[in-house]
Amino acid sequence: MNEQPAELSSGPVTGPSDAGPRTLAIDIGGTGLKASVLDDKGAMLVDRVRIPTTYPLAPQALIDALRTLVAPLPAFDRIAAGFPGMVRGGRVLSAPHFVTQDGPGTRIVPLLVAAWSGYDLAAALEKEFGKPARVANDADLQGGAVVKGEGLEVVITLGTGLGTAVYHDGHLAPHLELAHHPFRNGQTYDEQVGDAARKRVGKKKWNKRVQEAVKNIDALLFYDHLYIGGGNAVQVDVDLGPKVTIVDNSAGITGGLKLWEPEPVAGV
């Protein structure tokens, strides 16, 4: 049976460290925007704050929403953000959720595609908050909180869609957008195991699809261990084998410290 969720803090920490910089960690999701401030050890100083993601969502609308999200949080020195798409050098290369009119599965808006293509999200965050910022894919960010640095480790996130990250001996590999690769019945992983599919086909069938997806990913990558996070990780109730661990969704926040290690992860 797959292992129990990893122990990750999701609330205030007793005796936070004041030895180093504080990091504003932002988890940008297709259904919700979440954030907290981390101490220099990666522990949350306060509970996560959350607001829903609204559509349509142009780049400036996201920045405006993040301003509201962050307002109640304590002071910070730098920013780490996880984004649900392909990110390279702080710029967005793909934003599959945010180019739609009313959210995933709805009409794609050409003006939004143009607005998000190449958008320098890191620079926009720096301008808005006056602090240095780094941005990576959200699954890559979550992986920074949970991988052990032992062999080939894969992270998948089950939420609005399916996110993926690959780490080898603790080092992040170039990002793979497996979510948009054909999976089954002529549909992608996003379409088959995303949140809309779970609601449509029911928990039992959805779990069977997750089980099949995990087998496919193992056949593709021969991973040593796989971690499952994201908002729908709690919905997984099938046996995925001894190489799989369900992790707490707060890893999408606590992994933010990884972006500010001396050797930045790939794609930052």
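Of everything listed in (1) open to solvent by less than 10 Å² (accessible area, probe 1.4 Å); (2) at pLDDT 95 or above, the single unmet condition for GLY103 is (2).
In this structure, VAL201 does not satisfy being touching a residue at least 12 places away in the same chain (Cβ under 8 Å), of a type in the set (Val, Ile, Thr) and open to solvent by 10 Å² or more (accessible area, probe 1.4 Å).
Looking across LYS258, LYS205, one residue alone is over 19 Å from GLY161 (Cβ atoms), basic (Lys, Arg) and not in a loop (DSSP other than H, G, I, E, B). It is LYS258.
One line per residue, one yes/no per condition, for (1) in a strand (DSSP E or B); (2) within 19 Å of the chain's Cα centre (by Cα):
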site: LYS41; (1), (2): no, no
site: ILE51; (1), (2): yes, yes
site: LEU66; (1), (2): no, yes
site: GLY82; (1), (2): yes, yes
site: HIS97; (1), (2): no, yes
site: GLY103; (1), (2): no, yes
site: VAL113; (1), (2): no, no
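Criterion first (of a type outside the set (Val, Ile, Thr), in a helix (DSSP H, G or I) and without any contact (Cβ under 8 Å) to a residue 60 or more places away in the chain) does ALA145 satisfy it? For ALA145, the condition - of a type outside the set (Val, Ile, Thr), in a helix (DSSP H, G or I) and without any contact (Cβ under 8 Å) to a residue 60 or more places away in the chain - is not met.
Looking across THR160, THR164, one residue alone is β-branched (Val, Ile, Thr) and part of a loop (DSSP other than H, G, I, E, B). It is THR160. When ALA197, ALA179, ALA114, ALA133 are checked against the criterion of being in contact with an Asp or Glu (Cβ under 9 Å, 6 or more places away or on another chain) and farther than 30 Å from LYS208 by Cβ, a single residue qualifies: ALA133.
The values are calculated or read from the model by the stated rules, or taken from the named source; none is laboratory data. The structure presented is a predicted model; accordingly, all values stated were derived computationally and were not measured. Methodologically, a virtual Cβ is constructed for each residue, glycine included, from the backbone with ideal geometry; neighbour enumeration extends over all protein chains shown. Just the protein is used for accessible areas: all its heavy atoms, side chains included, with ligands, DNA and RNA removed. Shrake-Rupley method; radii C 1.70, N 1.55, O 1.52, S 1.80 Å.
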